[in-house]
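The values are calculated or read from the model by the stated rules, or taken from the named source; none is laboratory data. Note that the structure is predicted; figures quoted are calculated from it, not measured. Please note: Cβ atoms are built from the backbone with ideal geometry, for glycine as well, and neighbour counts cover all protein chains shown. Ligands, DNA and RNA are stripped out before the accessible areas are found, and what is left, the full protein with its side chains, is counted by its heavy atoms. Shrake-Rupley method; radii C 1.70, N 1.55, O 1.52, S 1.80 Å.
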Amino acid sequence: MKNPLLYYSTNRQSPLLTFEKALLKGQAPDRGLYMPEKIPVLTTDQIMAMREMEYHEIASIVIGSFLKDVIDCEILKSLVRDAYNYEVPLQHVYDRKYVMRLDQGPTASFKDFAGRMMGRLMNHYLAEQGGELLILTATSGDTGSAIANAFYGFENIKVLVLFPTGEVTSRQRKQMTTLGRNIQILGLDAKFDDCQTLVKQAFSDPDLAHLSLSSANSINIGRLIPQIVYYFYAYSRLRNVSGNDEVVFSVPSGNFGDMMGGMLAGKMGLPVRKFVIATNENDEFPVFMKEQIYRKIEPSKNCISSAMNVGHPSNLARLFALYGGQLDEKGQMHSQPDIEQLRKDIFAVSVTDAETKNTIKQAWDKYQLLLEPHGAVGWCGLQEFIEQNPDAGHPDQLCISLETAHPAKFPEQIRDILGFDPELPPSLKGLEEKSEQYDLLENDYKAFNNYLKTKY
Ligand SMILES: *Cc1c(COP(=O)(O)O)cnc(C)c1O
């Protein structure tokens, strides 16, 4: 008998759905986020056995437990093997303190982990049901290349990325325009916000209803579940063979999707002593943890860890749901989560830009540890946790801080602070020689509507 896991909306006003329906819907009709009704728990034996497994094998166990009865085991195995074909380095820093580098994917950001899996799952279900999707997305740089790379080569999904020609670096542009096949890129002599507006207009245009437009939204449940895997992977490689070993993870956080992966890993049975949740100066969550009052920050503050400039993290709705509370998409708290339990599990800390820069300098000088601004926020947060909890600084305490992007993606900052240019990872090399292809369009909705209708 089939008995698939069901997913509810954090706003509690939408029907429960199976995984594949929640995946293709993205956001729930009541504007909430999908969450699994029950968290699957792995046995200690299962977790211990991961020591001998490759990353994609661990991924197939973890992701498979959320997709029970909605995907064939062998198909899932081939999808994860294909998605996770790159290294996940665990860099030793000192004692049992490590940095996990999630920057070896095709766009050198941790978003590859989620994007590549979500794309493959969507493509699989569309092929099964005979459907097609056209993904529309506007980018100011990195999201577009992550989505374009994650969906490259699929038969049932086409991607169109809109970018402002004057606001994207040539390296960022080339990461999108050198792909081809099902990936189409459209440049506009406009601002990022204008691109975003055109995309939104297209989504609500009945004239385009026949195109099956979708957004590969960052709050999709299909992006969250793959982000549980690397927590299990890190633990499998670094845990002590003998006896109990509880790990401290430090996660640089913006929209809180990365940290939600960790929290779910903990609920699945991973022995975690504490999650250090480090934000930049957008400190709405650290303030909430202290004062129990949630106030979103509007507009969000501009910090050098730019991918974390989020004044109202959408995944907080999921975190609070996990702790019995309810927060809606506007930032309104309908019921408070269990703050005592949250404080037991999480140490929240806000890191300033000055501290971020200092951390980059000190990590390099002291340990030859090369961090970019996001990873530096995480590493700084861990140092702060250790300072306030000296026993966590014990040489035997395992601590793992996440590095979410490759330093070569932030050459100006690294040059400023450390005085050299970081070396490009293989994935970003050779872009110069590749030929580019993209269309140019005026910033006008009629022209965009016409472009879509002729092209697709
Ligand atoms: C998106 C991003 C983050 C923030 O991750 P969230 O899941 O939104 O908290 C951190 N670092 C980098 C480099 C990112 O691109």
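What's the total number of residues in the stretch 234-265 that are at positive phi and within 13 Å of the ligand (Cβ to nearest atom)?
Residues of the stretch 234-265 at positive phi: 243, 256.
When the remaining residues are screened for being within 13 Å of the ligand (Cβ to nearest atom), the result is 256.
Here the count works out to 1.
Can you say whether L90 is in contact with a Phe, Trp or Tyr (Cβ under 6 Å, 6 or more places away or on another chain) and crowded, with 22+ Cβ neighbours inside 10 Å, as far as the supplied structure shows?
Numbers: in contact with a Phe, Trp or Tyr (Cβ under 6 Å, 6 or more places away or on another chain): yes; crowded, with 22+ Cβ neighbours inside 10 Å: no.
Answer is no for this residue.
Within the stretch 47-60, how many residues are crowded, with 16+ Cβ neighbours inside 10 Å and touching a residue at least 24 places away in the same chain (Cβ under 8 Å)?
6
Identify all residues within the stretch 394-420 that are within 27 Å of L238 (Cα to Cα), within 14 Å of the ligand (Cβ to nearest atom) and not in a strand (DSSP E or B); write none if there are none. Before the answer, list the steps.
Initially, the stretch 394-420 is screened for residues within 27 Å of L238 (Cα to Cα), giving 394-408.
Keeping just the survivors that are within 14 Å of the ligand (Cβ to nearest atom) gives 401-408.
Matches in the stretch 394-420: T404, H406, P407, A408.
What number goes with the only condition from (1) of a type outside the set (V, I, T); (2) open to solvent by 50 Å² or more (accessible area, probe 1.4 Å); (3) part of a strand (DSSP E or B) that A278 does not pass?
Of the numbered conditions (1) of a type outside the set (V, I, T); (2) open to solvent by 50 Å² or more (accessible area, probe 1.4 Å); (3) part of a strand (DSSP E or B), the odd one out for A278 is (2).
Given the structure, is L428 surrounded by 15 or more Cβ atoms within 10 Å (Cβ to Cβ), closer than 30 Å to L382 by Cα and free of Cβ contacts under 8 Å to residues at least 60 places away in the same chain? Walk me through how you get there before you give the answer.
Numbers: surrounded by 15 or more Cβ atoms within 10 Å (Cβ to Cβ): yes; closer than 30 Å to L382 by Cα: yes; free of Cβ contacts under 8 Å to residues at least 60 places away in the same chain: no.
No; evaluated as a whole, the condition is false for this residue.
Take I297 and tell me if it is farther than 16 Å from T10 by Cβ and within 22 Å of the chain's Cα centre (by Cα). Lay out the reasoning, then the answer.
Working: farther than 16 Å from T10 by Cβ: yes; within 22 Å of the chain's Cα centre (by Cα): yes.
In short, yes.
Filter the helices (runs of 4 or more DSSP H) completely within the stretch 297-379 down to those with at least 2 residues that are at pLDDT below 95 and open to solvent by less than 20 Å² (accessible area, probe 1.4 Å). So that I can check it myself, show each step before the final result.
Numbers: elements: 316-322, 339-345, 353-367.
Here the list is empty.
Given the structure, is I293 of a type in the set (A, V, I, L, M) and surrounded by 24 or more Cβ atoms within 10 Å (Cβ to Cβ)?
So I293 fails the test.
Quick one: L186 ticks every box in (1) open to solvent by 50 Å² or more (accessible area, probe 1.4 Å); (2) away from the ligand (no atom under 16 Å from the Cβ) except a single one, so which number is it?
Single failed check for L186: (1).
Would you point out which residue out of Y98, Y86 is part of a strand (DSSP E or B) and modelled with pLDDT of 95 or more? Quick ask: steps written out before the conclusion?
Details: Y86 fails: part of a strand (DSSP E or B).
Y98 is the lone residue from the list that is part of a strand (DSSP E or B) and modelled with pLDDT of 95 or more.
Only one of these is away from the ligand (no atom under 16 Å from the Cβ), open to solvent by 30 Å² or more (accessible area, probe 1.4 Å) and under 30 Å from M259 (Cα atoms): K97, K200, K111, K191. Name it. Reasoning before the result, please.
On the way: K97 fails: open to solvent by 30 Å² or more (accessible area, probe 1.4 Å); K111 fails: away from the ligand (no atom under 16 Å from the Cβ); K191 fails: under 30 Å from M259 (Cα atoms).
Among K97, K200, K111, K191, only K200 is away from the ligand (no atom under 16 Å from the Cβ), open to solvent by 30 Å² or more (accessible area, probe 1.4 Å) and under 30 Å from M259 (Cα atoms).
Each row is one residue, and each column tells you yes or no for (1) in a loop (DSSP other than H, G, I, E, B); (2) of a type outside the set (A, V, I, L, M, F, W, C).
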| site | (1), (2) |
| --- | --- |
| R51 | no, yes |
| G105 | yes, yes |
| L121 | no, no |
| S140 | yes, yes |
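When you go through G166, G180 one by one, which is the residue that is out of contact with any helix residue (DSSP H, G or I) (no Cβ under 8 Å at 6 or more places or on another chain), outside any helix (DSSP H, G or I), more than 16 Å from the ligand (Cβ to nearest atom) and closer than 20 Å to G430 by Cα? I'd like the intermediate steps shown before the answer.
Numbers: G166 fails: closer than 20 Å to G430 by Cα.
Going through G166, G180 in turn, the sole match is G180.
Would you check which residues across the stretch 123-138 are farther than 26 Å from D103 by Cα, open to solvent by less than 10 Å² (accessible area, probe 1.4 Å) and not in a helix (DSSP H, G or I) and list them?
L134
What's the number of the condition N240 fails, among (1) open to solvent by 30 Å² or more (accessible area, probe 1.4 Å); (2) closer than 18 Å to T107 by Cβ; (3) outside any helix (DSSP H, G or I)?
N240 satisfies every listed condition except (2).
Considering (1) open to solvent by less than 100 Å² (accessible area, probe 1.4 Å); (2) modelled with pLDDT under 95, say which one F448 fails and leave the rest.
Here F448 clears every test but (2).
Could you tell me whether G64 is modelled with pLDDT of 95 or more and out of contact with any Phe, Trp or Tyr (no Cβ under 8 Å at 6 or more places or on another chain)? Steps first, answer last, please.
Details: modelled with pLDDT of 95 or more: yes; out of contact with any Phe, Trp or Tyr (no Cβ under 8 Å at 6 or more places or on another chain): yes.
Yes.
Please find, among E384, E433, E423, the residue that is touching a residue at least 12 places away in the same chain (Cβ under 8 Å), part of a loop (DSSP other than H, G, I, E, B) and away from the ligand (no atom under 16 Å from the Cβ). Explain how you work it out, then say what you get.
Working: E384 fails: part of a loop (DSSP other than H, G, I, E, B); E433 fails: touching a residue at least 12 places away in the same chain (Cβ under 8 Å).
One residue alone meets the criteria, E423.
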